[in-house]
Amino acid sequence: MTEQNKERKHVAIIGAGISGLSAAYYLQQAGHSAVIFENGKRIGGAIQTSLKDGYLCEHGPNSLMVNDQRIADLIEAAQLGPEVLVANKAANKRFIVHEGKLQALPSSPLSLLSTKLFSFKAKSRLLKEPFMAKRAADAGSESFADFIRRRFGPEILDKAAGPFVSGIYAGDPNRLSTRHAFPSLFELEQNHGSILKGLIKSKREIKKGKGNPHRLAKREIISFKEGMEALPKGIATLLEDGTLFLETKLGGISFNKKTQRWHIDWKGKNGTIGQGSFSDVILTTPAHKLEDLPLEDEILDAVSQVPHLDYPPVAAMMLGFNRSQVKHPLDGFGMLNALGEKSKMLGALFPSTLFPDRAPQDHVSINVMLGGSRTPEHAKMSESAMKASIMDELRRLLGIEGNPVFSNLVRWEKAIPQMNIGYGSALKQIEQCEKKFPGIHFQGNYRGGISLGDCILSGITLTEKISS
Ligand SMILES: Cc1cc2nc3c(=O)[nH]c(=O)nc-3n(C[C@H](O)[C@H](O)[C@H](O)COP(=O)(O)OP(=O)(O)OC[C@H]3O[C@@H](n4cnc5c(N)ncnc54)[C@H](O)[C@@H]3O)c2cc1C
């Protein structure tokens, strides 16, 4: 490792998931040097794709929302433009399972009026939202369930907002903090006094080119021809030679108070020993892996709550069928259970509808999610019990005959961090630790948002912080 001059920062990044790769790319673009230490054999972290018997299986994220020009620019820079698959228009249709039946969630004001999913009382309650008084900002103590009930009423929580919490976080709306898990909704109320008014206003602003200059007027859900793994692989091609240290075990990460620099030593594959001095260290491992890092006790003590953030288990069972076995047209993004619905599933995606070539010809695929904060035990069922119970439900809901011709199970023991009530004090610890130990940055998906887009944009924010 060479000595840096004053302007050029020398940064060590721990973890080669989307957060680590994006941070390295933006840092190098800004003229800094960055290396990534990854203890696994592969890059991409939670982004994992496999192709089995003609079925493309996403073990982690199934798609990426492109709603910011900077995400689109990164995809172009990685020369992934020709690889991009934009989700089928059917993706706009999302089904809610309510009282054992699939019902399309309204996607326009007109369909909202005509839908049978919501009662007349719920619809009129929804229309009152713009006139509801705003509540003063809290420090993160209002749950998402309380927030939605307060602004929109209980039915919207049970049949729309609650199911989406399962789809995004596999979380529990009674425990997630609105301020920390859904900061943009929180801000809409704070800045505009109403979610609906705020949404309409920000749509108008985007059209007029006002507000966030990066925000795209048309949001797109995308994947890549060879699946989501194309994204980390594409970003890796943009990194300078010698950036990635795979299969590397860190021996120590220590801060020298005198020089204000970070000293790291490591053991690479083939047993090579290395060490280096860095201005900054970015930790992008999941929070529950922080205690595995050879950090000084003083640092771990300073962020003692962070490794204990809740990461519920999730299982994803991908099932394949002959098209003729499935009566339902699967003409949507997927289905999510209304709160209170008796089901072992959190919901399911319809990958072969969303993107082409996800299943062999004349076959379809359904990716079922189980577990999460409310029903973690469902992610831990035996594979045979899980398949039997899913099939029981799918036969009823989608009119499926016979057994799946393909199945693939992925289990995430600790899947997605939950920004639950109380998260604010873990965040405060992180901020204080970063002040006490200049140059350390906690930047996994437990900070700044869990979506892939958030993880990418966090790399930009962090580069700006480090550059300043
Ligand atoms: C089942 C599932 C479905 C999802 N679906 C979507 C979706 O459809 N759309 C979406 O936008 N998001 C989705 N997400 C969320 C998104 O995938 C993640 O938030 C994101 O990929 C996290 O990236 P990361 O780089 O922060 O962390 P990770 O991907 O966890 O990467 C961390 C890296 O650190 C490495 N590491 C760990 N310990 C060490 C160590 N001691 N030394 C060195 N390296 C170490 C790991 O090996 C890993 O490579 C989903 C997540 C899951 C689990």
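Each stretch of four or more DSSP H residues adds -39500 (n - 2.57); spread over every residue of the chain, this sum gives -9000 deg cm²/dmol at 222 nm. Over all distinct Cα pairs, what is the inverse of the mean 1/r for region 108-216, reported as the Kirkwood hydrodynamic radius in Å? About 14.8 Å for region 108-216.
Farthest toward the positive end of the dipole of region 291-387, out of His363, Met317, His378, is the Cα of His363, where the dipole comes from beta carbon charges about the Cα centre. Overall, the accessible surface of region 108-216 at a probe of 1.4 angstrom is composed of carbon and sulfur to the extent of 60 percent. Roughly what % of Cα-Cα distances in the chain sit above 35 Å, to the whole percent? The share of Cα pairs beyond 35 Å in the chain comes to 34 percent. Spin-label model, Ser184 to Gln260: label points 7 Å out along the Cα-to-beta-carbon direction sit 3.7 nm apart. A P(r) calculated from all alpha carbon pairs of region 261-351, with 5 Å bins opening at zero, reads 2, 8, 12, 14, 11, 8, 9, 8, 9, 9, 7, 3, 0 percent. Rounded to the nearest 0.05, the FRET efficiency derived from the C-beta distance between Ser384 and Asn92 at R0 = 45 Å is 0.80. The phi-based Karplus calculation (6.51 cos²θ - 1.76 cosθ + 1.60; θ = phi - 60°) puts the 3J(HN,Hα) values of region 160-168 at 10, 5, x, x, 5, 5, 5, x, 8 Hz, whole numbers, x for Gly and Pro.
With the simple model of a label 7 Å out from the Cα in the direction of the Cβ, Ser124 to Leu246 spans 6.2 nm.
As a length-normalised measure over Cα pairs under 8 Å and 6 or more apart, the relative contact order of the chain settles at 25 percent. Full extension of the chain segment joining Lys269 with Thr237 gains 9.4 nm, where the gain is 0.36 nm per residue of separation less the Cα-Cα distance.
Listed by chain and number, the lysines whose alpha-carbon sits under 19 Å from that of Lys52, ignoring those within fewer than 8 places in the same chain, are Lys225, Lys387. Extension gain, Asp292-Asp73: 0.36 nm per intervening residue step, less the Cα-Cα distance, totals 75.4 nm. Residues of region 52-83 with an amide N closer than 11 Å to a point placed 7 Å from the Cα of Leu216 along the Cα-to-Cβ direction: 64-76. Relative protection proxy for 298-307, 233-242, from highest mean packing down: 298-307, 233-242 (other beta-carbon atoms within 10 angstrom). Of all lysines in the structure, those lying under 16 Å Cα to Cα from Lys9, and not within fewer than 8 positions of it along the same chain, are Lys465.
Quick one: Cα convex hull volume of region 376-427, Å³ per residue?
121 Å³
Lysine pair count for region 108-216 (Cα-Cα distance under 15 Å; residues 8 or more apart in sequence or on different chains): 6. Scanning residues 5 or more positions from Leu216 or on other chains, those with amide H under 5 Å from its amide H are Asp68, Gln69, with H placed 1.01 Å from N in the peptide plane. Karplus-derived 3J(HN,Hα) values for region 55-63, using 6.51 cos²θ - 1.76 cosθ + 1.60 with θ = phi - 60°, are 9, 8, 10, 9, 7, x, x, 9, 7 Hz; glycine and proline are entered as x. A simple spin-label model places pseudo-atoms 7 Å from Cα toward Cβ; at Arg395 and Asn191 they are separated by 5.1 nm.
The values are calculated or read from the model by the stated rules, or taken from the named source; none is laboratory data. All values reported here derive from a predicted model rather than from experimental measurement. Here the Cβ is made from the backbone with ideal geometry for all residues, glycine too, and neighbour counts use every protein chain on show. Heavy atoms of the whole protein, side chains included, go into the accessibility calculation; ligands, DNA and RNA do not. Shrake-Rupley method; radii C 1.70, N 1.55, O 1.52, S 1.80 Å.
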